[in-house]
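Heads up: the structure comes next, in structure tokens.
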Amino acid sequence: MTGRTVTGQPEMDAAGRLPRTYKRGVRCNPLDGDQRSPDTRRVIDMRDVGVCVLAGELASEELPMIAAQALADGLDSPSLRELAGLSPGEYREARELLDQVIDELGLPELPDEDQAVWEVARSYARRIVFGAIAPVDGAHAIASHAGSLMFPEPLATFAFLTDLWQDNVGERAQLEQDIVREAEALLREMSD
């Protein structure tokens, strides 16, 4: 990295968390639905973006637009500028540049695909527990990844609960509480 200028690395927020980091809360739609004011909007964490690509939540074709927004938010590195200049059709090059961007920004290395799915599941579980997403929506998101990991019990439970939620209108409030409890259990299990 000698001779390269890198600026805009995300800073910790007041609670001591990095904004939009996958290990602490993956956000897979960095350009979608950000209704906060420009004063409070978080900087895009490119590692989060990489994890979402690996987990199948984002397409590599979206990387140039995300990189352009990251530049506008104040992140900067030579590879980030190059990534922002690619066309969506250059998705193979975009994926390779993403690894370089993560390295240049000094972010933690990307996990393998299975670990990326677990990081995304953990993020949805946190969002369920903290009320940032409706329990059934978070459970659907977690369940959608269960097959890629051969239906491990913690994720398969969310698929089961979403099916029950669909079929039992009168029991939805109780099932949503069950989803929150399962999300809490998943977070406890993953923190060990």
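Counting only residues that are over 14 Å from Leu54 (Cβ atoms) and assigned to a helix (DSSP H, G or I), region 134-155 holds 14 of them. When the criteria are applied in full, Gly50 meets the requirement of being modelled with pLDDT of 55 or more and buried (at least 17 other Cβ atoms within 10 Å of the Cβ). Quick one: in region 133-148, of everything that is surrounded by 16 or more Cβ atoms within 10 Å (Cβ to Cβ) and among the hydrophobic types (A, V, I, L, M, F, W, C), which residue is farthest from Leu175 (Cα to Cα)? Looking at residues that are surrounded by 16 or more Cβ atoms within 10 Å (Cβ to Cβ) and among the hydrophobic types (A, V, I, L, M, F, W, C), I get Ala146.
For Gly131, the requirement of being assigned by TED's automatic domain parsing to the domain that holds Ala70 and part of a loop (DSSP other than H, G, I, E, B) is not met. In contact (Cβ under 8 Å) with a residue 24 or more places away in the chain and crowded, with 18+ Cβ neighbours inside 10 Å: does that describe Ala116? Yes. Out of Arg126, Arg122, Arg95, one residue alone is of a type in the set (Lys, Arg), surrounded by fewer than 18 Cβ atoms within 10 Å (Cβ to Cβ) and touching a residue at least 24 places away in the same chain (Cβ under 8 Å). It is Arg95.
Go through region 72-84 and count every residue that is at pLDDT below 95 and part of a helix (DSSP H, G or I). Residues flagged as at pLDDT below 95 and part of a helix (DSSP H, G or I) within region 72-84 amount to 1. Would it be correct to say that Ala141 is in the same structural domain as Pro64 (by TED's automatic domain parsing), under 30 Å from Met65 (Cβ atoms) and small (Gly, Ala, Ser)? Considered against the rule, which asks whether it is in the same structural domain as Pro64 (by TED's automatic domain parsing), under 30 Å from Met65 (Cβ atoms) and small (Gly, Ala, Ser), Ala141 comes out as no. Would you say Leu107 is touching a strand residue (DSSP E or B) at 6+ places or on another chain (Cβ under 9 Å) and touching a residue at least 60 places away in the same chain (Cβ under 8 Å)? For Leu107, the condition - touching a strand residue (DSSP E or B) at 6+ places or on another chain (Cβ under 9 Å) and touching a residue at least 60 places away in the same chain (Cβ under 8 Å) - is not met. The lone criterion from (1) closer than 20 Å to Cys52 by Cα; (2) in a helix (DSSP H, G or I) left unmet by Arg172 is number (1).
The values are calculated or read from the model by the stated rules, or taken from the named source; none is laboratory data. What you see is a predicted model; the values in this text were computed from it and never measured. Positions of Cβ are backbone-derived with ideal geometry, glycine not excepted, and every protein chain shown enters the neighbour counts.
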